[in-house]
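Worksheet: the structure to be examined is printed underneath.
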Amino acid sequence: MDYTLPEFLAHAIALEHEAAERYLELADMMEAHRNDEVSALFRDMVRFSRLHHDSIVERARGVALPVLRSWQYRWTHPPEAGGEEAFDYTLDAYSALCYARENEARALDYYSTVGQQSSDPEVHRLAAEFAAEETEHVQALDDWLARTPRPSTPWRDDPQQPPSD
Ligand code: ZN
């Protein structure tokens, strides 16, 4: 993946756009479940992805971007989804967070790999910067996962926790 700067910018814009769209879906879904906390987290992630997207678009101003043939930036299929692009509306908060984390980790992986393999110093620099942002996203999701109960566990490992219904 020795991208030129225009190739890299095009992929990064597509990746952030995709992330914003998926987070919006996840946020709506959690809202439908009346899980306002996790919904708010996903709305934050929508905002971060859009801010990032917009700043990359700004950076790409005046650069002729290639049309992408790669689908590498797309999120993986949602868990237990009936079809492509559709979420299972019964998805619980824990699984939604896991799913988001998996995709953030992929983005992190993607940016770090590109950064390491690129011979263009600007691509190298930007990719490292973006990878650092994704590291924060993964961390944020890990923090939420740590305080989100796992679904359908047959026992409660934390007796302090109030019973859920
Ligand atoms: Zn991210």
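Condition first: over 14 Å from the mean Cα position of the chain (by Cα) and polar (S, T, N, Q). Can you find one or more residues in region 41-49 that meet it? If you could, list the steps in order and put the result at the bottom.
Just the residues of region 41-49 that are over 14 Å from the mean Cα position of the chain (by Cα), to begin with: none.
No, because not a single residue in region 41-49 is over 14 Å from the mean Cα position of the chain (by Cα) and polar (S, T, N, Q).
Can you tell me which of R74, R147 is loosely packed, with under 13 Cβ neighbours inside 10 Å and either at pLDDT below 90 or not aromatic (F, W, Y) (or both)?
Details: R74 fails: loosely packed, with under 13 Cβ neighbours inside 10 Å.
Step by step, each of R74, R147 is checked, and only R147 is loosely packed, with under 13 Cβ neighbours inside 10 Å and either at pLDDT below 90 or not aromatic (F, W, Y) (or both).
Of the conditions (1) at pLDDT 70 or above; (2) more than 15 Å from the ligand (Cβ to nearest atom); (3) in contact with a helix residue (DSSP H, G or I) (Cβ under 6 Å, 6 or more places away or on another chain), A131 satisfies every one except a single condition; which number is it?
(2)
Any residue at all in region 57-66 that's of a type in the set (V, I, T) and either surrounded by 12 or more Cβ atoms within 10 Å (Cβ to Cβ) or modelled with pLDDT of 85 or more (or both)? Don't jump to the end; show me each part of the working.
Start the filter on region 57-66 by keeping residues that are of a type in the set (V, I, T), which leaves 57, 63.
Adding the requirement that they be either surrounded by 12 or more Cβ atoms within 10 Å (Cβ to Cβ) or modelled with pLDDT of 85 or more (or both) leaves 57, 63.
Yes, some residue in region 57-66 is of a type in the set (V, I, T) and either surrounded by 12 or more Cβ atoms within 10 Å (Cβ to Cβ) or modelled with pLDDT of 85 or more (or both).
If P66 satisfies every condition in (1) assigned to a loop (DSSP other than H, G, I, E, B); (2) within 12 Å of the chain's Cα centre (by Cα) but one, which is the exception?
Status for P66: all satisfied but (2).
Here's a check for you: in region 119-128, which residue that is in contact (Cβ under 8 Å) with a residue 24 or more places away in the chain and in contact with a helix residue (DSSP H, G or I) (Cβ under 6 Å, 6 or more places away or on another chain) is surrounded by the most Cβ atoms within 10 Å (Cβ to Cβ)? Write out each step before concluding.
First, the residues of region 119-128 that are in contact (Cβ under 8 Å) with a residue 24 or more places away in the chain: 119-120, 122-123, 126-127.
Pick out the ones that are also in contact with a helix residue (DSSP H, G or I) (Cβ under 6 Å, 6 or more places away or on another chain) and you get 120, 122-123, 127.
Working: D120: 16, E122: 13, V123: 23, A127: 25.
Per the stated criteria, the residue is A127.
Which pairs have Cβ atoms under 8 Å, sit 6 or more apart or on different chains, and link a residue in region 129-152 that is within 14 Å of D92 (Cα to Cα) and outside any loop (DSSP other than H, G, I, E, B) to one that is away from the ligand (no atom under 11 Å from the Cβ) and β-branched (V, I, T)?
Hits for this filter: W144/V38.
Residues in region 3-44 that are in a loop (DSSP other than H, G, I, E, B) and closer than 30 Å to R125 by Cα: how many? It would help to see each step written out before you state the result.
Of region 3-44, the ones in a loop (DSSP other than H, G, I, E, B) are 3-4, 33-35.
Next, from what is left, pick out any that are closer than 30 Å to R125 by Cα: 3-4.
Residues in region 3-44 being in a loop (DSSP other than H, G, I, E, B) and closer than 30 Å to R125 by Cα: 2 in total.
Given A27, A10, A20, which one is crowded, with 17+ Cβ neighbours inside 10 Å, within 18 Å of the chain's Cα centre (by Cα), within 11 Å of the ligand (Cβ to nearest atom) and without any contact (Cβ under 8 Å) to a residue 60 or more places away in the chain? Can you show your working first?
Values: A27 fails: within 11 Å of the ligand (Cβ to nearest atom); A10 fails: within 11 Å of the ligand (Cβ to nearest atom).
Exactly one residue qualifies, and that residue is A20.
The values are calculated or read from the model by the stated rules, or taken from the named source; none is laboratory data. The structure presented is a predicted model; accordingly, all values stated were derived computationally and were not measured. Note that we place each Cβ from the backbone using ideal geometry, even for glycine, and neighbour counts take in every protein chain shown.
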